[in-house]
1. Where residues in the range 72-98 are under 13 Å from V26 (Cα atoms) and not in a strand (DSSP E or B), which of them is farthest from the ligand (Cβ to nearest atom)?
2. In the set G51, G27, G102, G40, which member is surrounded by fewer than 14 Cβ atoms within 10 Å (Cβ to Cβ) and either within 12 Å of the ligand (Cβ to nearest atom) or within 21 Å of A9 (Cα to Cα) (or both)?
3. If I13 satisfies all but one of (1) over 23 Å from F118 (Cα atoms); (2) assigned to a strand (DSSP E or B), what's the number of the condition it fails?
4. Restricting to the range 111-124, and then to whatever is modelled with pLDDT of 95 or more and more than 13 Å from the ligand (Cβ to nearest atom), can you tell me which residue is nearest to A62 (Cα to Cα)?
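The values are calculated or read from the model by the stated rules, or taken from the named source; none is laboratory data. As the structure is a prediction and not an experimental result, all values here were calculated from the model. Counting neighbours? That spans all protein chains shown, and the Cβs are built from the backbone with ideal geometry, glycine included.
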Amino acid sequence: MTDAELLAAADAIAARAYAPYSKFHVGCAVLCRDGRVVEGVNVENAAYPLGVCAERTAFSRAMAEGHRPGDFVLAAITASPCGGCRQWLAEMGVERVVFRNGGRVVTMTPSELLPESFDSSDMA
Ligand SMILES: [Zn+2]
């Protein structure tokens with residue numbers, strides 16, 4: 001699966017976002033090492049801070065399906081990941097991230113998205 005194909009999957013799943021407040025639909029598609037694709041969408045809540053980003057729903061779903069950090073090759077997102085999701089992308093150990101930003105398609109690694117990130121080694 002190409003980066004463009006995975007981004008197209010993210011675009012398609014974005015239609016299922018639950019975003020009645022912002023109307024900003026985001027989709028995320030994650031390619032796993034076993035070839036499976038796990039998708040997520042943003043899910044908002046009337047109590048605004050409780051909303052969850054598409055990246056987090058995709059990775060939470062992947063974890064529930066048995067995947068673990070390091071099982072992920074590529075994450076495709078229809079928008080630039082927020083700061084919190086950059087931390088999630090680092091935690092999940094995804095190799096690359098492709099996303100739309102201002103009409104461009106950008107590909108970066110988690111460490112480029114979040115340099116000097118906090119990780120489990122900082123807790124030792
Ligand atoms: Zn986010």
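1. Within the range 72-98, the match that is farthest from the ligand (Cβ to nearest atom) is T78.
2. Values: G51 fails: surrounded by fewer than 14 Cβ atoms within 10 Å (Cβ to Cβ); G27 fails: surrounded by fewer than 14 Cβ atoms within 10 Å (Cβ to Cβ); G40 fails: surrounded by fewer than 14 Cβ atoms within 10 Å (Cβ to Cβ).
Exactly one of G51, G27, G102, G40 is surrounded by fewer than 14 Cβ atoms within 10 Å (Cβ to Cβ) and either within 12 Å of the ligand (Cβ to nearest atom) or within 21 Å of A9 (Cα to Cα) (or both), namely G102.
3. I13 satisfies all of (1) over 23 Å from F118 (Cα atoms); (2) assigned to a strand (DSSP E or B) except (2).
4. Residue satisfying both the conditions and the ranking: S111.
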